[in-house]
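K.L.:
Encoded as structure tokens, here's the structure I'll be asking about.
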Amino acid sequence: MKISEVTEQTEIAKLKPIEEKLDNEPLIPKELIQTLLWVSRYYHHPLGECFQTALPKLLRTGKPAEIETENWWSRTNKTVEKKIGSKQQQCLDLLNDYPDGISQSQLKHYLGNINTSLKSLETAGLISQQQKAKLPIARNELHFDLELNDQQQNIVENVWKKKDQFQPFLLEGITGSGKTEVYIELTERVLKDNQQVLILIPEIGLTSQFVDRFKKRLNTTIVILNSSVSDKERKQAWLLAKAGLAHVIIGTRSAVFTPLSQPGLIIIDEEHDSSYKQQDGLRYHARNVALIRAQKYDIPIVMGSATPSLESLYQVKKQRFELLELTQRAGSAQLPKVRLVDCSQANPDHGFSDILLKAIKKHLDAGNQVILFINRRGYAPVLMCHDCGWQAKCKHCDARMVVHQHRHILFCHHCGYIQRLVEECPECESSSLKSYGAGTEKIEQHLQQLFPETPVIRVDRDTTQRVNAFSDLVADIKQGEARILVGTQMLAKGHDFHDVTLVGVLDTDQGLYSADFRATENLAQMITQVTGRAGRGEKSGEVIIQTEQPAHNFWKTLISNGYKKTAESLLQERIEMALPPASNWAVIRAESADREEATAFLEAFSAQCHQQLAEDVLILGPVPAIMEKKGGRFRAQLLLSSAQRKPLHQLLDQHISVISRHKLARKVRWSIDIDPVDIL
């Protein structure tokens, strides 16, 4: 975007008139524009769509970039000279506690409908009003100090030494070691310097917990940016951050594009989480974008996790990130004891071993809570006919339909196709249909039968679709209303349940034999995270993992040596095999209703790249995707691999414009995925 002076040589006839000035000042700050230009170049994505991703919906559709305001009331110096009503006195008493004023919405929250009382007090000159920005979350006047242990204090000091420069820190802290307390202490220091903090979290479900903990410690303006807030609130939060009126911004992936007027620190919690990578449209990784923004702002960035990604550990190895470690749990909490149980001992009806059932009963009898983790929702993954061998398969995907008994449906988890649960085999009309395997729904049902007097709560995507459903479930869990919690990996991420003393892990062996080279890393992270939910308070914890492969080296390494040693071993394997993060990948994907078209397009892409082949780039494929048919379309992919980033991006830059004009480019859906996390 450039502005040029009109000269005698300018062809005035070709210039278009300005119809309307939308904003009085630039909507997007210069730094964010530069970041989006980088995003467009790095991810090879149209610049216009990058800007669309960065802007809240209401600003994208042309709504004015005006901060919404509301009435704020404050006490004047005038004294009360005559008797006033009780409601008016309540207003004055409350306003006396808020020397900086309080919003009308907060007054109404505390005292109910007080409009008449406020007008009377204003007429008497006892209070005054002014318009101030409307805050999505009320500030908390009361806050509590927290004493850090020596490890936490040392980490804060190490980060603070680099507060005026770009420095990526990887904070590796075991589960329950108090990483959030470190974030809060750093945030408090940044706020004292009148600067802003941007905090990224992986899941909407963690938002309320994060906001509550920050509000208890900090009297500051916090805004939330995620898909659960309304478009109006999202626009307000974005504009408040841009104007410097919001001091702490907490959000999920897309919050990384929030403009900051006084940036001081960026924090990424659970930096290893794959949900930071957008899987369609603009396929950006929020961690990468956050690093670029921190570099442009010249501020530190702290990336925390109990199970750091191999990408970040590789950057530590290359001395690009500084490693900070928390090796002890906060307070008196101890790491739980972990043991393996052979699945062959499990009951075929409900899938629980006697050892696990006895442990559940023991912990429940002690008045504690139990988490049972299975990373598969629904009732059962397979519905099969005993007579002819028919299986319920999705007609749109190369996948089986999952039984959801509660809704009486068969559901494809890949494309969303739903059909009624059949009671007779469509092939032989036999009624001897049986489901195999177990999901959260079946586990919940059996637990209610095995422990009829004990409340059971299921936490998965099916039970958390309603707005605020997840935070309501978490509140029930923390209040002890749920004694047994059954859930998918939604339960594994960052939650702090002090009464959970037993974690049972069911059916995780698929991670040991996946076609995805990242599966073992993901399994190690998931197991470490979910086992970290046990024994976080003063009570000791226990973890029981059921597996069909108790003698597998993976389990021996993870349980004996922990995640750190497991990750070091996996990273060395990746380096030796020249796999990411030791190499750089780009995947070109194509899909079409015609199987041949997707492959033909990628063959044309490959041929174009081979015309001027860079020796530093390896081109593999095209090959069908592992699940070739999904949502009624056939999928294929082409892999580009290079030891260095530059040759890979140069090759794409040279040939994208040509391949975009290929006749098949308009017939197939195709995309470029830089640094893919999902190759299935």
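The values are calculated or read from the model by the stated rules, or taken from the named source; none is laboratory data. All of these numbers come straight from a predicted model, not from anything done at the bench. Note that each Cβ is placed from the backbone with ideal geometry, even for glycine, and that neighbours are counted across all protein chains shown.
K.L.:
Which one of these does L47 not meet: (1) crowded, with 16+ Cβ neighbours inside 10 Å; (2) in contact with a Ser or Thr (Cβ under 6 Å, 6 or more places away or on another chain); (3) more than 29 Å from K132 (Cα to Cα)?
P.N.:
Here L47 meets the rest and fails (1).
K.L.:
Mind checking whether some residue in the stretch 205-216 is assigned to a loop (DSSP other than H, G, I, E, B), surrounded by 18 or more Cβ atoms within 10 Å (Cβ to Cβ), touching a helix residue (DSSP H, G or I) at 6+ places or on another chain (Cβ under 6 Å) and touching a residue at least 24 places away in the same chain (Cβ under 8 Å)? Walk me through it before giving the result.
P.N.:
Quick first cut of the stretch 205-216, residues assigned to a loop (DSSP other than H, G, I, E, B) only: none.
Looking through the stretch 205-216, none of the residues is assigned to a loop (DSSP other than H, G, I, E, B), surrounded by 18 or more Cβ atoms within 10 Å (Cβ to Cβ), touching a helix residue (DSSP H, G or I) at 6+ places or on another chain (Cβ under 6 Å) and touching a residue at least 24 places away in the same chain (Cβ under 8 Å).
K.L.:
State whether the residues of the stretch 145-160 include one that is closer than 30 Å to K296 by Cα, surrounded by fewer than 15 Cβ atoms within 10 Å (Cβ to Cβ) and of a type in the set (D, E, K, R).
P.N.:
yes
K.L.:
Inside the stretch 383-415, can you point out the residues that are in contact (Cβ under 8 Å) with a residue 12 or more places away in the chain, loosely packed, with under 15 Cβ neighbours inside 10 Å and out of contact with any Leu (no Cβ under 6 Å at 6 or more places or on another chain)?
P.N.:
Passing the criteria: H386, D387, C388, K395, H406.
K.L.:
Let me confirm something: among K57, K30, which residue is of a type in the set (K, R), touching a helix residue (DSSP H, G or I) at 6+ places or on another chain (Cβ under 6 Å) and under 27 Å from Y297 (Cα atoms)? Show your work before the answer.
P.N.:
On the way: K30 fails: touching a helix residue (DSSP H, G or I) at 6+ places or on another chain (Cβ under 6 Å).
From the options K57, K30, the qualifying one is K57.
K.L.:
Within the stretch 90-131, how many residues turn out to be surrounded by 16 or more Cβ atoms within 10 Å (Cβ to Cβ), among the small types (G, A, S) and part of a strand (DSSP E or B)?
P.N.:
Summing the residues that are surrounded by 16 or more Cβ atoms within 10 Å (Cβ to Cβ), among the small types (G, A, S) and part of a strand (DSSP E or B) in the stretch 90-131 gives 1.
K.L.:
Only one of (1) in contact with a Phe, Trp or Tyr (Cβ under 8 Å, 6 or more places away or on another chain); (2) among the hydroxyl-bearing types (S, T, Y); (3) more than 24 Å from I250 (Cβ to Cβ) fails for T123. Which number is that?
P.N.:
Single failed check for T123: (1).
K.L.:
Quick one: which of A598, A582 is surrounded by fewer than 21 Cβ atoms within 10 Å (Cβ to Cβ), among the aliphatic types (A, V, I, L, M) and either in the same structural domain as G632 (by TED's automatic domain parsing) or not in a helix (DSSP H, G or I) (or both)? Show your work before the answer.
P.N.:
Numbers: A598 fails: surrounded by fewer than 21 Cβ atoms within 10 Å (Cβ to Cβ).
When all the criteria are applied, what remains is A582.
K.L.:
Follow-up. Working only within the stretch 164-181, note down all residues that are over 20 Å from the mean Cα position of the chain (by Cα), at pLDDT 95 or above and either among the charged types (D, E, K, R) or farther than 14 Å from L323 by Cα (or both).
P.N.:
Within the stretch 164-181, Q165, F166 meet the criteria.
K.L.:
Keeping to the stretch 269-289, report how many residues are under 19 Å from W238 (Cβ atoms), surrounded by 20 or more Cβ atoms within 10 Å (Cβ to Cβ) and under 14 Å from the mean Cα position of the chain (by Cα).
P.N.:
Qualifying residue count, the stretch 269-289: 2.
K.L.:
Separate question: Does I588 fit the bill of being surrounded by fewer than 16 Cβ atoms within 10 Å (Cβ to Cβ), at pLDDT 95 or above and either among the aliphatic types (A, V, I, L, M) or in a helix (DSSP H, G or I) (or both)?
P.N.:
Numbers: surrounded by fewer than 16 Cβ atoms within 10 Å (Cβ to Cβ): no; at pLDDT 95 or above: yes; either among the aliphatic types (A, V, I, L, M) or in a helix (DSSP H, G or I) (or both): yes.
It is false that I588 is surrounded by fewer than 16 Cβ atoms within 10 Å (Cβ to Cβ), at pLDDT 95 or above and either among the aliphatic types (A, V, I, L, M) or in a helix (DSSP H, G or I) (or both).
K.L.:
Sort through V256, V302 and tell me the only one that's over 13 Å from the mean Cα position of the chain (by Cα), crowded, with 24+ Cβ neighbours inside 10 Å and either in the same structural domain as E181 (by TED's automatic domain parsing) or not β-branched (V, I, T) (or both). Steps first, answer last, please.
P.N.:
Working: V256 fails: over 13 Å from the mean Cα position of the chain (by Cα).
Only one candidate qualifies: V302.
K.L.:
I'd like the full set of residues that are under 11 Å from R589 (Cα atoms) and free of Cβ contacts under 8 Å to residues at least 60 places away in the same chain, limited to the stretch 622-677.
P.N.:
Across the stretch 622-677, the qualifying residues are P622, V623, P624, A625, F634, R635, A636, Q637, L638, L639.
K.L.:
Taking the stretch 353-381 on its own, how many of its residues are in contact with a Gly (Cβ under 8 Å, 6 or more places away or on another chain) and either aromatic (F, W, Y) or farther than 19 Å from D460 by Cα (or both)? Can you show your working first?
P.N.:
Keep residues of the stretch 353-381 that are in contact with a Gly (Cβ under 8 Å, 6 or more places away or on another chain), which gives 356, 359-360, 369-374, 376-381.
From what is left, the residues that are either aromatic (F, W, Y) or farther than 19 Å from D460 by Cα (or both) are 356, 359-360, 373, 379.
Here the count works out to 5.
K.L.:
Taking D673 as meeting all but one of (1) among the acidic types (D, E); (2) touching a helix residue (DSSP H, G or I) at 6+ places or on another chain (Cβ under 7 Å); (3) buried (at least 18 other Cβ atoms within 10 Å of the Cβ), write down the number of the exception.
P.N.:
(2)
K.L.:
Has the stretch 352-364 got at least one residue that is at negative phi, hydrophobic (A, V, I, L, M, F, W, C), in a loop (DSSP other than H, G, I, E, B) and surrounded by fewer than 20 Cβ atoms within 10 Å (Cβ to Cβ)? Spell out how you get there, then give the answer.
P.N.:
Looking only at the stretch 352-364, we keep the residues that are at negative phi, and these are 352-364.
With the extra rule that they be hydrophobic (A, V, I, L, M, F, W, C), the set shrinks to 352, 355-357, 359-360, 364.
After this cut, where a residue has to be in a loop (DSSP other than H, G, I, E, B) as well, the list is 352.
Now narrow it down to the ones that are surrounded by fewer than 20 Cβ atoms within 10 Å (Cβ to Cβ): none.
No; the residues of the stretch 352-364 include none that is at negative phi, hydrophobic (A, V, I, L, M, F, W, C), in a loop (DSSP other than H, G, I, E, B) and surrounded by fewer than 20 Cβ atoms within 10 Å (Cβ to Cβ).
K.L.:
Look at the stretch 498-528 and say how many of its residues are in a helix (DSSP H, G or I) and touching a strand residue (DSSP E or B) at 6+ places or on another chain (Cβ under 9 Å).
P.N.:
Restricting attention to the stretch 498-528, the residues satisfying the condition of being in a helix (DSSP H, G or I) are 509-512, 519-528.
Then drop every residue that is not touching a strand residue (DSSP E or B) at 6+ places or on another chain (Cβ under 9 Å), which leaves 509, 512, 525-527.
Number satisfying all stated conditions: 5.
K.L.:
Are any residues in the stretch 617-631 over 29 Å from the mean Cα position of the chain (by Cα), surrounded by 14 or more Cβ atoms within 10 Å (Cβ to Cβ) and under 28 Å from C412 (Cα atoms), and if so, which ones?
P.N.:
Taking the stretch 617-631 and keeping what is over 29 Å from the mean Cα position of the chain (by Cα), we get 617-624.
In the following step, the residues that additionally are surrounded by 14 or more Cβ atoms within 10 Å (Cβ to Cβ) were identified as 617-619, 621-622, 624.
Selection gives P622, P624.
K.L.:
Looking at the stretch 604-623, can you tell me whether even one residue there is farther than 24 Å from H655 by Cα and either touching an Asp or Glu at 6+ places or on another chain (Cβ under 9 Å) or among the small types (G, A, S) (or both)? Write out each step before concluding.
P.N.:
Initially, the stretch 604-623 is screened for residues farther than 24 Å from H655 by Cα, giving none.
No, the conditions are met nowhere in the stretch 604-623.
K.L.:
Sticking with this one: Checking the conditions here, which among K87, K78 is assigned to a loop (DSSP other than H, G, I, E, B) and of a type in the set (D, E, K, R)?
P.N.:
Values: K87 fails: assigned to a loop (DSSP other than H, G, I, E, B).
Step by step, each of K87, K78 is checked, and only K78 is assigned to a loop (DSSP other than H, G, I, E, B) and of a type in the set (D, E, K, R).
K.L.:
Which of the residues belonging to the stretch 365-412 are in contact with a helix residue (DSSP H, G or I) (Cβ under 7 Å, 6 or more places away or on another chain) and of a type in the set (V, I, T)?
P.N.:
Listed by number, the residues that qualify are V370, I371, I374.
K.L.:
Name the one entry in A237, A290, A255 that is more than 25 Å from T175 (Cβ to Cβ) and either touching a Leu at 6+ places or on another chain (Cβ under 9 Å) or in contact (Cβ under 8 Å) with a residue 12 or more places away in the chain (or both). Break it down into steps so the answer makes sense when it comes.
P.N.:
Values: A290 fails: more than 25 Å from T175 (Cβ to Cβ); A255 fails: more than 25 Å from T175 (Cβ to Cβ).
From the options A237, A290, A255, the qualifying one is A237.
K.L.:
Something else: Name, by its number, the condition in (1) in contact with a helix residue (DSSP H, G or I) (Cβ under 9 Å, 6 or more places away or on another chain); (2) closer than 22 Å to S353 by Cβ; (3) buried (at least 18 other Cβ atoms within 10 Å of the Cβ) that does not hold for A534.
P.N.:
Only one criterion is unmet by A534, namely (1).
Quick grid of which residues meet (1) surrounded by 14 or more Cβ atoms within 10 Å (Cβ to Cβ); (2) in contact with a Ser or Thr (Cβ under 8 Å, 6 or more places away or on another chain); (3) touching a residue at least 12 places away in the same chain (Cβ under 8 Å):
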| site | (1), (2), (3) |
| --- | --- |
| V6 | no, no, no |
| E11 | no, no, no |
| P17 | no, no, no |
| L27 | yes, no, yes |
| S40 | yes, no, no |
| T53 | yes, yes, yes |
| P56 | yes, no, yes |
| E66 | no, no, yes |
| E81 | no, no, no |
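K.L.:
Quick one: is K2 at pLDDT below 85 and either in the same structural domain as D298 (by TED's automatic domain parsing) or within 30 Å of Y297 (Cβ to Cβ) (or both)?
P.N.:
So K2 passes the test.
K.L.:
Would you mind telling me which numbered condition in (1) under 18 Å from D507 (Cα atoms); (2) in contact with a strand residue (DSSP E or B) (Cβ under 8 Å, 6 or more places away or on another chain) S344 fails?
P.N.:
(2)
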